[in-house]
2 protein chains.
Amino acid sequence: MLLFSERLHVGVNKPVKKTKRATIEDVARKAGLSKTAVSFVFNGRSGVSAESQKRIMQAAEELGWRPDARARALSLSQTHVLGLVVKRDPSLLSTDPFFAGFVSGVQMGLAEHNYSLMLQVVSDTEAERLAYQQLVREAKVDGVFLTDLETEDFRPRLLTTLRIPIVVVGPPSHETENVAAVEMNDAAGVKRAVQHLAALGHKVIGHVSGNDKYVHTRSRRDAWIETLEELGLPQGPYISADFTGEGGARATHELLDLPNAPTAIVYGNDLMAIAGMFAAGDRGLSVPNDLSVIGFDDIPLAPYVTPRLTTVRQNAIEWGRCAALTLIALVENRPFPEFEMPPVEFIVRSSTGPAPHLPPAVTAPNHDR
Amino acid sequence: MLLFSERLHVGVNKPVKKTKRATIEDVARKAGLSKTAVSFVFNGRSGVSAESQKRIMQAAEELGWRPDARARALSLSQTHVLGLVVKRDPSLLSTDPFFAGFVSGVQMGLAEHNYSLMLQVVSDTEAERLAYQQLVREAKVDGVFLTDLETEDFRPRLLTTLRIPIVVVGPPSHETENVAAVEMNDAAGVKRAVQHLAALGHKVIGHVSGNDKYVHTRSRRDAWIETLEELGLPQGPYISADFTGEGGARATHELLDLPNAPTAIVYGNDLMAIAGMFAAGDRGLSVPNDLSVIGFDDIPLAPYVTPRLTTVRQNAIEWGRCAALTLIALVENRPFPEFEMPPVEFIVRSSTGPAPHLPPAVTAPNHDR
């Protein structure tokens with residue numbers, strides 16, 4: 001087993017500041033609109049023009065007002081609840097090995113400080129927006145986690161405006177420059193995977209990623225591209241799939257149908273990688289003799305499939321725990337804790353091997369002899 | 001694919017009744033103790049003798065008082081939050097394929113009625129007890145789910161005393177006679193598995209279960225025993241493992257080391273079954289030629305391992321959804337909804353096959369010839 005040390009980076013630039021309480025009247029006056037209009041905007045109801053909405057949001061931001069201020073003032077204690085809103089088709093969520101690990105870790109962090117977790121699973125962006133607005137306006141939570149950041153993501157801005165403490169969980173993005181983030185350099189794992197394959201003599205190294213809209217998908221793909229460049233290898237073929245077994249199998253067939261088919265594939269998760277091995281077997285190919293396969297996650301089954309899966313291990317549990325401790329510190333206005341995160345590991349098992357010998361070059365028949 | 005129809009049974013005997021509000025003074029007077037003592041007991045603090053605790057709990061139960069009564073009276077609305085407390089080592093939770101599916105389904109049910117889920121993961125019984133007491137006393141939730149019922153389980157009694165609506169999720173037990181329960185007859189899946197193996201000619205059918213303390217573990221084991229009896233087959237060897245891959249592999253080796261080793265094994269989950277196939281391969285045995293293997297769960301990977309796993313599919317998502325709708329109805333004092341639960345399915349793939357021919361009988365060498 002090879003270990004690859006890449007430390008988690010907790011990057012925090014501007015934690016949300018605590019300010020004096022303003023009232024809804026102050027916001028209405030500053031915006032030049034009625035209290036009802038302010039209330040409508042923060043309750044997510046329609047009937048307020050875009051221009052008025054903008055003025056209200058701006059006034060609220062400048063005054064540091066948030067809709068639960070009065071409710072909060074009535075209570076000396078905070079809710080001691082943190083929120084996690086997950087936008088995912090519920091039937092897909094159950095196939096995500098990262099989710100349970102991350103949630104478990106969050107719980108470990110919360111338990112250390114007697115907090116609980118409010119979990120909401122929503123299926124689209126509109127429901128997601130409403131969920132956050134409701135959590136904030138009903139003062140149900142003291143802070144929220146942002147996971148699965150997308151390349152165009154409305155949440156950091158919305159939640160900063162709503163003045164609720166947030167911690168972003170995932171690779172850095174331009175959206176997260178001004179917010180607290182618990183970053184894990186998952187790209188380092190992909191880099192190590194590509195280096196391992198190159199050392200085994202592979203020249204055409206493909207990639208099957210998850211959904212392209214996620215920052216972490218882009219981050220892993222960029223790591224694959226950059227490492228190939230560093231090694232002086234050509235960019236291999238790439239397919240963006242969906243993290244499911246079916247998607248992984250289909251993408252594998254597509255890559256292997258190419259004229260310049262890869263002799264090794266790096267997958268965005270273990271489920272796609274294992275389905276990819278199955279697809280290769282269906283074509284009469286042997287893993288790793290004809291095709292090397294690398295996954296991502298190190299799910300509990302990875303050592304029990306045949307061949308045993310070479311993969312990248314992220315410690316989702318510890319990541320969740322650190323995210324929870326960071327968010328609690330932010331909520332309680334304390335300094336951020338120091339973390340000793342376990343390194344990202346690259347686990348070599350049996351699904352990777354030396355590149356197969358190239359087939360004898362097919363030369364055009366010589367009609368001139 | 002064979003289908004086995006076994007309908008979910010929603011068994012409800014005595015839903016929690018609504019009663020008039022008593023006050024903490026009433027409870028103290030009835031118990032002959034101070035308000036502080038009552039407050040201490042319901043806040044989980046020490047310093048009250050066991051005898052006094054008992055009197056206070058009894059007085060509260062008789063008066064129908066619960067600690068959040070005043071807080072509730074101040075508010076016209078309920079919290080619209082339901083609680084799920086899971087007692088599991090967080091690092092084990094991430095290996096449970098049922099968890100994410102069930103939670104996803106609960107979320108679907110909650111979303112239909114604009115409820116949210118408060119999730120707590122605790123690691124031992126003491127933390128579990130405190131978690132429930134705190135949820136109730138701080139009026140954080142309107143009702144709670146009880147999962148992973150144990151054969152000796154304090155929760156139904158505690159929560160009935162605390163007068164919070166509960167729904168038990170799982171096979172029936174003597175502890176759940178007086179509470180609402182969403183029951184799934186998972187035993188029916190095990191029965192179908194054993195019948196399938198018997199039809200293939202297997203005579204020695206083993207079983208590797210999960211942890212023996214759970215009602216669902218007992219329920220599946222009993223189904224295995226009863227089906228063998230019904231079929232006139234001898235009881236095969238049995239090992240209680242822990243739902244992990246490592247535990248499944250170890251149990252498989254132990255069963256195969258027996259003089260009367262099974263030719264087929266029914267496992268308590270897919271993870272143990274797949275690890276069991278791997279263990280068999282390690283011993284030079286071929287699945288299904290030398291050993292037939294059946295899992296439980298139908299995880300997303302089950303069709304992508306080699307050989308493809310024959311297994312029992314429980315619809316954890318739909319189960320979670322029905323549990324949520326039932327609990328919401330209970331909280332809102334409405335009639336229970338009618339469910340159309342999908343049947344438990346038995347999925348025949350490639351890890352089961354005809355029983356191997358018995359080795360030729362080894363006869364003692366005849367020294368008398």
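The values are calculated or read from the model by the stated rules, or taken from the named source; none is laboratory data. Here the structure is a predicted model, which means the values were calculated and not measured. Glycine also receives a Cβ, built like all others from the backbone with ideal geometry; neighbour counts cover every protein chain displayed. The area values use the complete protein model at the heavy-atom level, side chains included, leaving out ligands, DNA and RNA. Shrake-Rupley method; radii C 1.70, N 1.55, O 1.52, S 1.80 Å.
With the requirement that a residue be more than 19 Å from the chain's Cα centre (by Cα) and not basic (Lys, Arg), what does the range B:132-164 give you? Write out each step before concluding.
Let us first name the residues in the range B:132-164 that are more than 19 Å from the chain's Cα centre (by Cα), namely B:133-142, B:160-164.
B:Gln133, B:Gln134, B:Leu135, B:Val136, B:Glu138, B:Ala139, B:Val141, B:Asp142, B:Thr160, B:Thr161, B:Leu162, B:Ile164, listed by residue number.
Scanning the range B:326-343 for residues that are open to solvent by 20 Å² or more (accessible area, probe 1.4 Å) and more than 14 Å from chain A (Cβ to nearest Cβ) turns up B:Glu332, B:Asn333, B:Arg334, B:Pro335, B:Phe336, B:Pro337, B:Glu338, B:Phe339, B:Glu340, B:Pro343.
Those residues that are assigned to a helix (DSSP H, G or I) and either open to solvent by less than 60 Å² (accessible area, probe 1.4 Å) or within 14 Å of B:Leu63 (Cβ to Cβ) (or both), I need them from the range B:22-39; list them, please. Steps first, answer last, please.
Restricting attention to the range B:22-39, the residues satisfying the condition of being assigned to a helix (DSSP H, G or I) are B:24-31, B:35-39.
Once the filter is applied, which keeps residues that are assigned to a helix (DSSP H, G or I) and either open to solvent by less than 60 Å² (accessible area, probe 1.4 Å) or within 14 Å of B:Leu63 (Cβ to Cβ) (or both), the range B:22-39 yields B:Ile24, B:Glu25, B:Asp26, B:Val27, B:Ala28, B:Arg29, B:Lys30, B:Ala31, B:Lys35, B:Ala37, B:Val38, B:Ser39.
The residues in the range A:153-166 that are under 25 Å from A:Ala316 (Cα atoms) and either touching a residue at least 60 places away in the same chain (Cβ under 8 Å) or open to solvent by less than 20 Å² (accessible area, probe 1.4 Å) (or both) can be counted, and the count is 7.
Under the condition of being among the small types (Gly, Ala, Ser) and assigned to a helix (DSSP H, G or I), which residue from the range A:207-253 is surrounded by the most Cβ atoms within 10 Å (Cβ to Cβ)?
Here is the first cut: in the range A:207-253, the residues among the small types (Gly, Ala, Ser) are A:209-210, A:219, A:223, A:232, A:236, A:240-241, A:245, A:247-249, A:251.
In the following step, the residues that additionally are assigned to a helix (DSSP H, G or I) were identified as A:219, A:223, A:245, A:247-249, A:251.
Numbers: A:Ser219: 20, A:Ala223: 23, A:Gly245: 23, A:Gly247: 20, A:Gly248: 30, A:Ala249: 23, A:Ala251: 27.
Once the filter is applied, the top-ranked residue is A:Gly248.
Just one residue in the set B:Ala324, B:Ala329 is over 25 Å from B:Trp224 (Cβ atoms), part of a helix (DSSP H, G or I) and without any contact (Cβ under 8 Å) to a residue 12 or more places away in the chain; that residue is B:Ala329.
The residues on offer are B:Val121, B:Val103, B:Val85, and the sole one that is within 8 Å of chain A (Cβ to nearest Cβ) and modelled with pLDDT of 85 or more is B:Val103.
For the range B:286-315, filtering for residues that are more than 23 Å from A:Phe243 (Cα to Cα), within 13 Å of chain A (Cβ to nearest Cβ) and of a type in the set (A, V, I, L, M) leaves 2. Scanning the range A:102-135 for residues that are surrounded by fewer than 24 Cβ atoms within 10 Å (Cβ to Cβ), in contact with a helix residue (DSSP H, G or I) (Cβ under 8 Å, 6 or more places away or on another chain), over 18 Å from B:Ala324 (Cβ atoms) and hydrophobic (A, V, I, L, M, F, W, C) yields A:Met108, A:Ala111. Counting only residues that are more than 13 Å from every other protein chain (Cβ to nearest Cβ) and under 17 Å from the mean Cα position of the chain (by Cα), the range B:268-285 holds 1 of them.
When B:Val204 is tested against (1) in contact with a Pro (Cβ under 6 Å, 6 or more places away or on another chain); (2) crowded, with 24+ Cβ neighbours inside 10 Å; (3) modelled with pLDDT of 95 or more, just one condition goes unmet, and that condition is (2). Within the range A:264-288, the set of residues being of a type in the set (Ser, Thr, Tyr) and buried (at least 24 other Cβ atoms within 10 Å of the Cβ) comprises just one member, A:Tyr267.
Yes or no, residue by residue, for (1) hydrophobic (A, V, I, L, M, F, W, C); (2) within 29 Å of A:Val312 (Cα to Cα); (3) in contact with a strand residue (DSSP E or B) (Cβ under 6 Å, 6 or more places away or on another chain); (4) away from every other protein chain (no Cβ under 14 Å):
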position	(1), (2), (3), (4)
A:Arg137	no, no, no, no
A:Val168	yes, yes, yes, yes
A:Asn178	no, no, no, yes
A:Gln195	no, yes, no, yes
